[in-house]
Amino acid sequence: MERETILIVDDDQIMVELLAIWLEESGYATVTASDEASAVAAFGSADRVVALVCDYELRGGTGCHVVDAIHSISPGLKVIVISGHAEQRVRSGCGSREVSFLQKPFDPSELLAMVAQP
């Protein structure tokens, strides 16, 4: 059976690797990107992407730009924005976009619970 895939977008390579380890150890496949362009390319080349986990603060912009780009391709995709900033700032920056928020630092179980939610 093919595993569900999570797209991870963060410009911090250590964070990307950590998120990938947590998700892969829980049975998910992962694809990674560090910016909007590479996220769109990774999304297009991956199979069975069920969620986007994206850092809010990216070099050259915000994760909200990534969310917009991916939602234009797959409007119903589950999105989890992670950030060290306050949730209010992230929600304000992302406007009316449908996103879940996860405050850094967080426990792997919190991320996995959010990914598993329908």
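The values are calculated or read from the model by the stated rules, or taken from the named source; none is laboratory data. Predicted model, so just to flag it, every value in this text is computed and none were measured. All Cβ positions, glycine included, derive from the backbone under ideal geometry; neighbour counts span all protein chains shown. Ligands, DNA and RNA are excluded from the accessible area calculation, which covers all protein heavy atoms including side chains. Shrake-Rupley method; radii C 1.70, N 1.55, O 1.52, S 1.80 Å.
General observations
- Residue check, L7 outside any helix (DSSP H, G or I), open to solvent by less than 20 Å² (accessible area, probe 1.4 Å), under 20 Å from E87 (Cα atoms) and in contact with a strand residue (DSSP E or B) (Cβ under 6 Å, 6 or more places away or on another chain): no
- Residue in region 67-85 that is most open to solvent (accessible area, probe 1.4 Å), counting only those that are of a type outside the set (A, V, I, L, M, F, W, C) and assigned to a loop (DSSP other than H, G, I, E, B): P75
- Candidate set from region 107-118 (those that are touching a residue at least 12 places away in the same chain (Cβ under 8 Å) and out of contact with any strand residue (DSSP E or B) (no Cβ under 7 Å at 6 or more places or on another chain)); member that is surrounded by the most Cβ atoms within 10 Å (Cβ to Cβ): L112
- In the set V49, V31, V16, only one residue is in contact with a strand residue (DSSP E or B) (Cβ under 8 Å, 6 or more places away or on another chain) and under 21 Å from P118 (Cβ atoms); that residue is V49.
- Odd one out for E17, checked against (1) assigned to a helix (DSSP H, G or I); (2) modelled with pLDDT under 95; (3) of a type in the set (D, E, K, R): (2)
- Verdict on R3 being among the charged types (D, E, K, R) and over 17 Å from I73 (Cβ atoms): yes
- Residues in region 32-66 that are open to solvent by 30 Å² or more (accessible area, probe 1.4 Å) and among the hydroxyl-bearing types (S, T, Y): T32, S34, S38, S45, T62.
- Reported count of residues in region 47-66, each being at negative phi and outside any strand (DSSP E or B), is 7.
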